[in-house]
Structures are given as structure tokens and as C-alpha cells.
Amino acid sequence: MDQLATLHQANGRYALRFERFFSYKPEEVFRVITDPHSFSQWYPFATGEMDLKLGGKIAFDDGEGTTYEGIITELKEPYTFEFREVDDLIRISLQEEGKGCQLVFTHIFDDKEMAMYTAAGWHRCLGVFKQIVNGQPVEWKDNSVELRELYREAFDRNR
């Protein structure tokens, strides 16, 4: 199983931080991150509509009648993709490491009570992202309950 996320607090907000290593150069992984079709396969509620530029919009639809937009707040190819989704901030950064790259996915949010649920969800999403990067068929694992429990225990330990 992939490494668990860590939870940090700063300025009254919370940050989940995930790290994943890929055996590909940042350019290749960044292409998957910012490709609208790939993005909509692993990122929740993404519609595939993305204006890939600083200040550009990303369209979301929760499937229950609510649509909204994210705004790209930082875009430095092939190292940083950051956007605001409602009140949350998502930052995906890549750093060259050996013959591949290290991905750091950070989600900044307000409600600590949602941390274990959010962490479990992103853990699953990043698993699908990894499948896409590696050219594998997308298969969502049915492990939400197990992941929530792992994160609850991990976050309770670190209080």
C-alpha cells in the first residue's frame, strides 16, 4: 500500500500532504496531471473542462445538480499545478528525483473533522492517478472503510 498522508495545522487551517514517487520525468507526469481527460478520471467531480492557464477555470459537477468552478492560482510547467476549489486549495508539485520524480499533493481545508474522510478519498484518487500514469486500466478499489480507519488511527496518534 502507498504511504499514508500526513496532517498538519497552520493558520487555523489543515493540510493533508501525500507523497508519491514515479519512475517518469516531471514533464510526463505533469502532462497527465493537466490533461483534462486524465484529470476527470482521477479527480472527483472534474468534468474535463479546463482552461489551462494562470487564472483559468476548471469545471466541476457533483452529479447531484451542483456545478462550480475552480481557479488555477499557480501553473509552472512541469513542476507546479495549484488551484482553488471553493474554499480549499489544491497544490500538486513535482520534483526531479533520480530517474523519476517525487509528487507532493497538498490539500488545504478548514474542517478537521473531515480529515480522515478526505485523506481516504485522496488516497484512493491518487491510486487511480498512479494507474493512469503507469498506463494501466483504471480500477477503483473498494477500500474506503479500511482507509478511513487507518487515517483515523494515524491522526488520533498524532494529536
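The values are calculated or read from the model by the stated rules, or taken from the named source; none is laboratory data. Note that the coordinates shown come from a computational prediction; the quantities given were computed from them, not determined experimentally. In this analysis, Cβ positions are derived from the backbone assuming ideal geometry, glycine residues included, and neighbour counts consider all displayed protein chains. Surface areas here come from the heavy atoms of the whole protein model, side chains and all, with no ligands, DNA or RNA. Shrake-Rupley method; radii C 1.70, N 1.55, O 1.52, S 1.80 Å.
Quick look at the values:
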quantity	calculated
For the chain, size of Cβ-based charge dipole, Lys and Arg +1, Asp and Glu -1, in debye	520
Per DSSP, loop GluC sites (Glu not before Pro) in the range 76-159 with at most 12 further Cβ within 10 Å	Glu139
For the range 78-154, size of Cβ-based charge dipole, Lys and Arg +1, Asp and Glu -1, in debye	280
Local net charge near Ala5, Cβ-Cβ under 11 Å (Lys/Arg +1, Asp/Glu -1)	0
Accessible surface of the range 1-118 [probe 1.4 Å, protein heavy atoms]: carbon and sulfur percent	47
Accessible area in square angstrom per residue, the range 1-65, 1.4 angstrom probe	57
Helix runs (DSSP H) in the chain reaching 15 Å along axis by Cα, Kyte-Doolittle at least 0.0	115-133
Estimated [θ] at 222 nm from DSSP helical runs (n ≥ 4, -39500 (n - 2.57)) normalised by residues in the chain, nearest 500	-9500 deg cm²/dmol
Sites matching trypsin sites (Lys or Arg not before Pro) across the range 49-131 that sit in DSSP coil, with at most 15 neighbouring C-beta atoms within 10 Å	Lys53, Lys99
Loop-resident sites, the range 67-159, for chymotrypsin sites (Phe, Trp or Tyr not before Pro), counting at most 13 other Cβ within 10 Å (DSSP)	Trp140
